[in-house]
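See below for the structure under consideration.
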Amino acid sequence: MSNDGDVPPTVASVADGAHLLGFSDEILLHILSHIPSTDLVLNVRRTCRKLAVLCLDKSLIHTVLLQKDYEASEDKVKQLVKEIGREIQQLNMAGCYWLSGSTIEHVARCRSLVKVNLSGCHLTSLRLSKMLSVLQHLRSLAIDVSPGFDASQLSGECKATLSRVRELKQTLYTPSYGVVPCCTSLEKLLLYFEILDRTREGAILSGQLMVGQSNVPHYQNLRVFYARLAPGYINQEVVRLYLAVLSDRTPENLHAFLISVPGSFAESGATKNLLDSMARNVALDALQLPKSWLNGSSLLQHMKFNNPFYFSFSRCTLSGGHLIQRVINGGKDLRSLASLNLSGCVHCLSPDSLLRKAEDEIDSSILETLVVSCCNLRHLNLSAAHHHSSEGPGRHLCQLLARLRHLRSLSLPVCSVADSAPRADRAPAQPAMHAVPRGFGKKVRIGVQSCPSPFSGQAVPQPSSVFWCLLKNVPFLERLELIGSNFSSAMPRNEPAIRNSLPPCSRAQNVGDSEVAAIGQLAFLRHLTLAQLPSILTGSGLVSIGLQCQQLQSLSLANLGMMGKVVYMSALSDMLKHCKRLKDLRLEQPYFSANAQFFQALSQCSALQRLCLVSRSGTLQPEAVLAFMARCLHVVVCHMFTGESLTTCKSLQQSLLRSFQAERPALNVVIFPLLHEGLTDVIRDVPMVHLDEITLFKSRVAEEPPNLWW
């Protein structure tokens, strides 16, 4: 885990450039031969077979990416391993959930493997044992631990391989240590806890480890410890067992300690001992702790940091005064810091957290100190809070953030980008009424102008706005999130759907189509999220983004404009015509009509792979969905959670699977009523790669340290 570095060129990217210039395969091979072989990556889906064979004959390819290669069939993978298995040193098959265990077992032919990622792949204990027994050079491993895993089935040869593994990423779907006790040389341990509290039949699960899983992990060489927990008390029970060993003796070389927990996670005597030991014995480069461990404690005062590159204080009650005094040491040079997550830290830009109200203005001097001290920040998350700027030249949040020229990803609350004073080009808007009792029809907005925007047609970004100036100064931004401070998705994890949401912040009423149009300046933008922008009148700013952001690969739109009507459908249709590289689209809007017009426009996104629609009272046209899937040959994920009946949903889902499953092995279709009581059971069957990346809404900026895993 390190700061962002240069990404190794893929054979496909080199080939694209060379063929664009008219070079032959022979000239291209000559070019490739002058690139160090360790820097070449074979992306099987994009590289033509002839070119791949040319390269492989010269032993140029050491890394193979099958991750998200949704066209990788069983036969294709077997053939690939048969032909080039001996050459492969790094293999990424993360998320290949559609491949059978017998196909995954063919990885054993890649005897030179040093690094392999099998997260999301089907593996039993016996198959894992057989595979690892012959991979004597393996040093980095990523696997899932599913119900039925039994460490006693691992052979002596397998355990010998595991004893040499230095990096382990383990996703747990059952209470278990997995292979951790066998990995006696661990330097990096990443743990993802996805254990459900109840079985499908409703029985409550225990957090006790399975029989034969009581071996003690070996942490003496550990440098990186990372744990991410899904909601649920069992995940908390199991992670405590992993932490108990750390509390006995803190590894002296530990430099990154990160625990990501939703909600509260009570501090125990063991964890307190661990934190005290860390404060005395180690200097960290990366830190993330549960909010309850930090709130009200003086822990940060005693922690020592070396050259920190990642901090996450998400959802902590950290005041701006404490942030400056305890983290930045009153203005200490933190040029090494690459990523900072202050999501949900509602007081982090105010001197004191005791008396502050949500509508109070931030202290710009605190943000200025942060910007000056952390001048090399590449990833910054300030979402899920009300950061209101005061009037005054150069004191607005956007003006201060504009100094961070190295930013590559940024997440902001919508209200934070509003000009301090209402602009002359926008009519004043009254807050929307959201207190309509559920079940009594559409929500009505009162006092908001319903006439077309003064920027009829395509919205015109205003060069005088602070948001426009911010984006002008961070031209290389690749990910941008504008999320309403009070926004919560209607589809949370492991719980029933949320039926009502909080009204947007009043300052968000000053952010509309022209601000969205300003995003069109970002020529390198790849990922965009817009959520809870109540003053979107026509959505015309979306057209500017479609025309100018030609690198856009993922788009997430939620609750734009009026709640009772989709005001931006026409603009969205126009936008989609230009999104030729769009792979992921997520739409969340209460009354969205997924009709023929929408799917006709979406069909022009030729690269689209994943679609997720969340609409509490939305409708869909089955014939339009089927026609869309027939036209868009690369779509493998179709998730639609609407207001349609269970019968309609099941019928459409079966039709889609029957029509397209055979030719699209990775196809994952879920059509289900959003408010149905069985939604939780349906969600648990969605492959984690899709659930985590598109189905569930969340802020992704600075969610994890950069380059945590490959």
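Per the Debye calculation on the stretch 80-233 with a single equal scatterer at every Cα and no solvent contribution, log₁₀ I(q)/I(0) for q = 0.13, 0.15, 0.16, 0.19 Å⁻¹ amounts to -0.58, -0.77, -0.88, -1.23.
Please give the charge dipole size of the stretch 622-710, origin at the Cα centre, charges +1 on K and R Cβ atoms and -1 on D and E Cβ atoms. Round to the nearest 20 debye. Once rounded to the nearest 20, the dipole reads 240 debye.
The Cα center of the stretch 126-155 and the Cα center of the stretch 222-241 differ in position by 21 Å. Its Cα gyration tensor gives the stretch 144-295 an equivalent ellipsoid, and the semi-axes of that ellipsoid, as √(5λ) in whole Å with the largest first, are 24, 22, 12.
Here the accessible area is traced with a 1.4 Å probe on the protein chains. For the stretch 287-419, carbon and sulfur cover 47 percent of it.
Could you give the dipole magnitude of the stretch 194-314 about its Cα centre, charging the beta-carbon of Lys and Arg +1 and that of Asp and Glu -1, in debye to the nearest 20? Don't skip to the end; give the middle numbers.
Numbers: 10 positive and 9 negative charges, 29 e Å.
Magnitude of the dipole: close to 140 debye.
Surface exposure of the stretch 117-245, expressed per residue as accessible area with a 1.4 Å probe, stands at 38 Å².
For the stretch 272-416, the residue among Pro413, Ser390, Pro308 whose Cα projects farthest onto the positive side of the dipole built from Cβ charges is Pro308. Relative to the globular-protein estimate of 2.2 N^0.38 Å, the Cα radius of gyration of the stretch 630-698 stands at 1.11. Using every pair of distinct Cα positions in the stretch 502-596, the Kirkwood expression returns a hydrodynamic radius of 13.4 angstrom. Loop-located trypsin sites (Lys or Arg not before Pro) in the stretch 485-514 (DSSP state other than H, G, I, E, B) with a sparse environment of at most 13 neighbouring Cβ atoms within 10 Å: Arg499. Think of each Lys and Arg Cβ as +1 and each Asp and Glu Cβ as -1; about the Cα centre, that makes the dipole of the stretch 311-423 roughly 480 debye.
In summary, the convex hull built on the alpha carbon positions of the stretch 212-341 has an orientation-averaged projected area of 8.0 nm². The alpha carbon centroids of the stretch 553-567 and the stretch 171-196 are separated by 39 Å. Across the alpha-carbon set of the stretch 127-172, the Rg to Rh ratio works out to 0.94, Rh being the Kirkwood radius. Taking the inverse of the mean 1/r over every pair of distinct Cα atoms in the stretch 342-414 gives a Kirkwood hydrodynamic radius of 12.6 Å.
Highest average first, the peptides 251-259, 661-669 ordered by how many other beta carbon atoms sit within 10 Å of their residues are 251-259, 661-669. Of the residues Gln597, Gly564, Leu582, the one whose Cα sits farthest toward the positive end of the charge dipole of the stretch 545-603, with +1 on the Cβ of Lys and Arg and -1 on the Cβ of Asp and Glu, is Leu582.
Calculated on the Cα set of the stretch 297-359, radius of gyration then Dmax: 11.8, 37 Å. For the stretch 271-385, the per residue solvent-accessible surface stands at 38 Å², with DNA, RNA and ligands left out and a 1.4 Å probe.
Computed from backbone phi, the HN-Hα couplings of the stretch 140-157 come to 9, 9, 10, 9, 9, 10, 9, x, x, 5, 9, 5, 5, 8, 6, 6, x, 5 Hz, rounded to whole numbers (Karplus: 6.51 cos²θ - 1.76 cosθ + 1.60, θ = phi - 60°; Gly and Pro given as x).
The values are calculated or read from the model by the stated rules, or taken from the named source; none is laboratory data. Quantities reported herein were computed from a predicted structural model and do not represent experimental measurements. With ideal geometry, Cβ positions are generated from the backbone for all residues, glycine too; neighbour counts draw on all protein chains shown. Only protein heavy atoms, including side chains, enter the accessible area calculation; ligands, DNA and RNA are left aside. Shrake-Rupley method; radii C 1.70, N 1.55, O 1.52, S 1.80 Å.
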